[in-house]
1. Take the residues of the range 1-20 that are closer than 24 Å to residue 64 by Cβ, open to solvent by 10 Å² or more (accessible area, probe 1.4 Å) and in a loop (DSSP other than H, G, I, E, B): which is nearest to the ligand (Cβ to nearest atom)?
2. Could you check the range 79-138 and list, in sequence order, the residues that are among the polar types (S, T, N, Q) and assigned to a helix (DSSP H, G or I)?
3. For residues that are among the hydroxyl-bearing types (Ser, Thr, Tyr) and either within 13 Å of the ligand (Cβ to nearest atom) or open to solvent by 40 Å² or more (accessible area, probe 1.4 Å) (or both), tally how many sit in the range 190-203.
4. List pairs: first in the range 86-101 and farther than 22 Å from residue 16 by Cβ and open to solvent by less than 10 Å² (accessible area, probe 1.4 Å), second at pLDDT 95 or above and among the acidic types (Asp, Glu), Cβ under 9 Å, 6+ apart or cross-chain?
5. Only one of these conditions is not met by residue 177: (1) within 16 Å of the ligand (Cβ to nearest atom); (2) within 28 Å of residue 98 (Cα to Cα); (3) open to solvent by 40 Å² or more (accessible area, probe 1.4 Å); (4) in contact (Cβ under 8 Å) with a residue 24 or more places away in the chain. Which number is it?
6. Could you list, in sequence order, the residues of the range 135-172 that are away from the ligand (no atom under 11 Å from the Cβ) and open to solvent by less than 20 Å² (accessible area, probe 1.4 Å)?
7. Of (1) open to solvent by less than 20 Å² (accessible area, probe 1.4 Å); (2) in contact with a strand residue (DSSP E or B) (Cβ under 9 Å, 6 or more places away or on another chain), residue 182 satisfies all except one. Which?
8. Can you tell me which residues in the range 145-161 are assigned to a loop (DSSP other than H, G, I, E, B) and among the charged types (D, E, K, R)?
Amino acid sequence: MSDLRIAVLGVGMMGAFHVEALSKRIRGARVTVVSDFFADKAHEIASSVGARVVSDPIEAINAEDVDAVLIATPGAAHDEQVNACLDRGIPVLCEKPLTTDIASAFAITQREASLGRQLIQVGFMRRFDAEYVGLKKLITEGALGNPLLVHCTHRNPAVPDHFNSEFMIRDSVVHEVDVARFLLDEEITSVQVLKGVATSTAPAGTYDPMIVVFETESGRLVTDEIYVRSGVAYEVRTEVVGEGGSAVIGLDQNLQVKTTDGRWGGQITPSFVERFGAAYDTELQRWVDAARKGTIDGPGTWDGYAAVAVCEAGVEALRTGKKVQVQLGARPAVDDERSGVLAPDLEGARP
Ligand code: ISE
């Protein structure tokens, strides 16, 4: 079978990272077309992998030498680009968010369902991380008993000033939204945001850190500490507390150093690229393998839509200080079989 020919739209940090992975580490795929608003960047990345540049993203989607599309453009461009891929009926890996508003995200779930095929995978890479897959397996196998609580910690060492509290919810907390839905296998029904004392490095009016509290359909509680200017390193931890025990991941305990002066310690990953590098590659390989068969293998449009809706409720909770309910509406039938479910398979989580 010939290689999957991929157009990568947007070659900022994530897009460029994926181009490199597709060219060096992923089997069965080749980047043939690169498109970016910044022509210099597009040419630089395209020439590094022998691809051509098509400046108009819609033209890139419809190019003859393109079988599938990876979307890593800013969120505001996703609606038009994802719909153009649906027009053509080709598989897509779309970085979060699926779109930037509830109505357009919901419309995409309906449109894809009406095609009767799952074509759009949303880039929630944590579902492919070995530790998250292991945690999910523990829950599914009943090793922790009935899960009661999930505690998440999400710290970035530093971010640019445009990262205000609203952006923190849409761009960072969105990962815990997906993790909670993935681990507990149920929808989030309400969101509350607690704002405390902000770090002195946060711009005026930005609450950093914040504690976000989710409730799920069955009444479980999920807490998320989001702190994006910790000044330390990349720390993403998740603890599930069940009736029969608890389990925690993200402790960065792989490498431990003991020194002659009697100190010990380990290394914390500096950013999400190091922490989730293997997960990104697994996500890509599984998407490529599925896309070659004309489908996806991972979180789908319903997961993308649910994340947009919960984040929207989170932003309202931030503004009003109230607990905000999430109304998802009816899930299109065709998604039921696969979307939101990634088989808890530890082997599969390794690239
Ligand atoms: C970024 O967009 C990511 O996706 C990272 O995983 C997250 O840690 C960071 O906060 C986001 O801004």
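1. 3
2. Of all residues in the range 79-138, those among the polar types (S, T, N, Q) come to 81, 83, 99-100, 104, 109-110, 114, 118, 121.
81, 83, 104, 109, 110, 114, listed by residue number.
3. Within the range 190-203, the subset among the hydroxyl-bearing types (Ser, Thr, Tyr) is 190, 199-201.
Pick out the ones that are also either within 13 Å of the ligand (Cβ to nearest atom) or open to solvent by 40 Å² or more (accessible area, probe 1.4 Å) (or both) and you get 200-201.
Total satisfying the criteria: 2.
4. These pairs meet every condition: 86/112; 99/79.
5. Residue 177 satisfies every listed condition except (3).
6. 135, 136, 144, 147, 150, 152, 165
7. That leaves (2) as the condition not met.
8. Of all residues in the range 145-161, those assigned to a loop (DSSP other than H, G, I, E, B) come to 145-146, 156-161.
Listed by number, the list holds a single entry, 161.
The values are calculated or read from the model by the stated rules, or taken from the named source; none is laboratory data. As the structure is a computational prediction, the values presented were derived from the model and not from experiment. Reconstructed Cβ throughout: ideal geometry from the backbone, glycine too, with neighbour counts over all protein chains shown. The area values use the complete protein model at the heavy-atom level, side chains included, leaving out ligands, DNA and RNA. Shrake-Rupley method; radii C 1.70, N 1.55, O 1.52, S 1.80 Å.
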